[in-house]
Amino acid sequence: MSSREKILAAVTANQPAEVPLPTVPFFEGDASVEKFTALVQAIGGRVVEVAALAHLEEVVRQLFPADYRMASPLLSSTNVSVDAQTPLAVLADVELAVLQGEFGVAENGAIWLPEENMLHRALPMITQHLALVLSQQQLVATMHQAYARLATVGGYGTFLAGPSKTADIEQSLVIGAHGARSLTVLLVP
Amino acid sequence: MSHSERSDIFLLDAERTTWHDETLWFVREKRDKAVYATPEFQKLRQLASDIKDHTLSRLDFYLQQFEENARRNGVHVHWAADATEHNAIVLGLLRQHGATRVVKSKSMLTEECHLNPHLLANGIEVIDTDLGERIIQLREEAPSHVVLPAIHLKKEDVGDTFHKYLGTEKGNNDPQQLTETARQHLREKFLAGQVAISGVNFAVAETGTVVVCTNEGNADLGVNLAQVHIACMGMEKLIPRLSDLSVFTRILTRSATGQPITTYTSHFTRPAEGKELHIVIVDNGRTQQLGRPDFRASLKCIRCGACMNTCPVYRRSGGHSYDFTIPGPIGAILSPNIDMRKHASLPFASTLCGSCTDVCPVKIDIHTQLYKWRQVLGEAGKLPASKKWSMRLLSRVLAKPGMYSAGGKVARQALRLLPHGLTHGQGYNPWAIARELPEPPQQSFREWYAQQPQNDKA
């Protein structure tokens with residue numbers, strides 16, 4: 001008998017009598033821009049309101065040094081082109097990635113980022129700085145509404161909440177562990 | 001060595017013990033703030049508990065459903081009955097890909113299986129990439145906490161470690177600079193990693209997805225740069241539906257560190273084009289625990305560490321005093337299932353105050369199970385002789401009121417008359433090592449009660 005069969009047989013023999021699976025209610029909450037902004041700031045990110053999508057390029061140029069090696073499917077001024085086949089050496093030198101976030105969660109500041117929006121699966125983490133473009137219309141209150149919006153999580157996707165951080169040395173919070181050193185949310189109408 | 005003997009080692013440094021105690025209590029307070037700010041938190045706990053109870057009651061179904069969906073997604077699923085088989089599967093995959101360099105993100109399961117020593121012995125370079133895990137890996141220590149693996153260390157210790165292994169300046173103990181050094185050092189490792197191993201926080205049966213939660217981004221970085229991703233999971237990580245994640249992502253970090261969510265909550269369903277994703281499902285004693293009605297609820301654990309942060313014993317004895325992969329109250333109810341003799345002292349490393357049960361986000365009755373393990377250990381003859389005989393003597397005395405009252409009378413006199421060195425002798429009264437016995441009263445309550453006028457007694 002293989003380990004698979006052995007394990008499954010032992011589980012069947014040892015599991016208790018079936019108890020029901022509960023229905024999870026949709027706990028509602030505050031889905032306002034104010035709440036979302038406060039949460040993003042609390043977890044170490046910053047929120048910049050962009051008056052119109054047309055100003056995106058200009059705002060990015062104001063927020064980040066012009067000579068940054070930047071990858072983005074959203075801007076014409078990118079100087080690094082990234083796709084799923086991009087060599088690691090090129091990825092490792094990216095200083096800024098500007099990507100489209102699908103929707104934000106007000107209760108925790110997380111933004112859903114599916115693989116399709118990443119250019120390369122490693123880009124959101126390997127870039128030194130990350131900016132996510134997010135529509136103000138695309139905010140939900142809690143994780144219940146968030147998962148309800150996801151018919152599928154695709155091949156890979158992440159709820160990304162703030163910059164990479166650690167507190168592993170004496171519980172001192174340090175921003176910029178292995179992933180992006182900063183997270184900027186570019187909030188468009 | 002028993003838990004209390006190992007605690008003595010930790011307690012030698014009183015200043016550090018106090019720091020450890022206060023730091024973990026601070027984490028507990030952060031948890032409270034996050035919990036109180038979530039009005040439906042108690043409902044979420046109940047839901048999480050019910051979802052896990054249900055999953056365990058149909059685990060055979062969900063395991064197969066998960067496997068089928070994962071396979072359909074192009075994922076390779078492996079089954080390991082024990083740690084040895086788990087390690088053999090992982091090594092086999094590495095050999096198959098000719099890999100010698102592995103980056104690993106946090107996984108208590110691989111700690112439990114002692115994967116690292118096995119890989120190292122077989123010529124594989126395995127680098128732990130979580131900062132806390134990397135620190136203790138360089139020091140060749142075990143994690144002392146499930147979420148904060150290096151919480152037993154001070155920044156001076158980390159500074160010394162990095163000076164020795166990563167060439168930082170001696171005396172540089174700045175967390176910011178030390179973290180930056182680790183970032184640079186580990187970037188090289190990430191880029192060179194051929195295979196990435198991760199743990200699993202949740203496995204979704206209906207989609208075949210594994211979810212990995214980190215703050216540092218080390219799991220995503222390692223996995224997305226390497227050619228092969230091996231995700232190792234205990235079989236109890238399953239949940240039925242994608243929407244169940246809404247409950248667990250809301251309670252996990254609030255309970256663990258007081259954060260609203262981890263920085264990265266990543267869902268791995270299909271490997272990237274041209275790459276491989278392997279999932280190893282591990283039993284290693286879990287089916288046995290599932291068959292113990294009093295203790296199966298321990299399998300609901302989501303490894304948040306809240307029970308450790310709140311435990312008055314853990315905070316003052318340190319994670320290493322448990323000498324088990326999972327320390328603290330939850331470790332004390334998981335460990336006897338693995339090796340009753342070796343871990344016999346752990347269910348006694350508790351005051352049974354119940355604080356662990358109060359904070360547990362999946363409502364495991366931890367302190368009840370600690371009490372029940374004590375009964376099991378007693379019946380199995382696994383109690384230390386001192387405890388066994390003193391308990392036996394005490395139960396004799398308590399069963400005979402005459403003997404009890406006579407004993408009390410003798411004790412009150414003896415405490416008054418005997419020299420302090422004798423009543424507080426460290427050799428036979430460990431209670432008095434750091435405490436003074438109270439002044440003995442003139443009479444017992446029963447004696448006083450007998451003297452009261454009859455009318456007052458009604």
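The values are calculated or read from the model by the stated rules, or taken from the named source; none is laboratory data. Not measured: the values here are computed from a predicted model. Neighbour counts are summed over all protein chains in view; Cβ atoms, including those assigned to glycine, are modelled from backbone coordinates with ideal geometry.
For the range A:91-109, what are the residues that are within 12 Å of another protein chain (Cβ to nearest Cβ) and surrounded by fewer than 19 Cβ atoms within 10 Å (Cβ to Cβ)?
Once the filter is applied, which keeps residues that are within 12 Å of another protein chain (Cβ to nearest Cβ) and surrounded by fewer than 19 Cβ atoms within 10 Å (Cβ to Cβ), the range A:91-109 yields A:A92, A:D93.
For the range B:3-23, name all the residues that are in contact with a Ser or Thr (Cβ under 8 Å, 6 or more places away or on another chain) and surrounded by 16 or more Cβ atoms within 10 Å (Cβ to Cβ).
Matches in the range B:3-23: B:H3, B:S4, B:R6, B:S7, B:F10, B:L11.
Would a scan of the range B:328-340 turn up a residue that is in the same structural domain as B:R6 (by TED's automatic domain parsing), within 18 Å of B:M108 (Cα to Cα), among the hydroxyl-bearing types (S, T, Y) and at pLDDT 95 or above?
Yes, the conditions are met somewhere in the range B:328-340.
With respect to A:N79, determine if the residue is polar (S, T, N, Q), assigned to a loop (DSSP other than H, G, I, E, B) and under 20 Å from the mean Cα position of the chain (by Cα).
No, not satisfied.
Checking B:N173 against (1) in contact with a Ser or Thr (Cβ under 9 Å, 6 or more places away or on another chain); (2) in a loop (DSSP other than H, G, I, E, B); (3) of a type in the set (S, T, N, Q), which single condition isn't satisfied?
So B:N173 meets the others, but not (1).
In the range B:250-302, what count of residues is obtained for those that are part of a strand (DSSP E or B) and in contact with a His (Cβ under 9 Å, 6 or more places away or on another chain)?
Result for the range B:250-302: 8.
Could you look through the range B:1-51, keep only residues that are over 25 Å from A:P22 (Cβ atoms) and not in a helix (DSSP H, G or I), and pick out the one that is nearest to the chain's Cα centre (by Cα)?
By that ranking, first place goes to B:S2.
Given (1) touching a Leu at 6+ places or on another chain (Cβ under 9 Å); (2) surrounded by fewer than 13 Cβ atoms within 10 Å (Cβ to Cβ), where does B:L415 come up short, assuming only one miss?
Result: B:L415 fails condition (2) only.
Scan the strands (runs of 3 or more DSSP E) fully inside the range A:114-189 and keep the ones with 3 or more residues being out of contact with any Lys or Arg (no Cβ under 7 Å at 6 or more places or on another chain) and within 7 Å of chain B (Cβ to nearest Cβ).
Answer list for the range A:114-189: A:156-160.
Residue-wise test of (1) touching a Leu at 6+ places or on another chain (Cβ under 7 Å); (2) surrounded by 16 or more Cβ atoms within 10 Å (Cβ to Cβ).
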{"site": "A:V48", "(1), (2)": "yes, no"}
{"site": "A:R61", "(1), (2)": "no, no"}
{"site": "A:A66", "(1), (2)": "no, no"}
{"site": "A:S77", "(1), (2)": "no, no"}
{"site": "A:V82", "(1), (2)": "yes, yes"}
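Quickly run through the range A:141-156 and pick out the residues that are in contact (Cβ under 8 Å) with a residue 60 or more places away in the chain and out of contact with any Phe, Trp or Tyr (no Cβ under 6 Å at 6 or more places or on another chain).
A:A141, A:Q145, A:A148
Which residues, counting only those in the range B:133-158, are within 12 Å of chain A (Cβ to nearest Cβ), in contact (Cβ under 8 Å) with a residue 24 or more places away in the chain and part of a helix (DSSP H, G or I)?
Those that are within 12 Å of chain A (Cβ to nearest Cβ), in contact (Cβ under 8 Å) with a residue 24 or more places away in the chain and part of a helix (DSSP H, G or I): B:E133, B:R134, B:I135.
Provide a single number: the residues in the range B:27-63 that are more than 17 Å from B:A297 (Cβ to Cβ), within 7 Å of chain A (Cβ to nearest Cβ) and surrounded by fewer than 21 Cβ atoms within 10 Å (Cβ to Cβ).
Here the count works out to 2.
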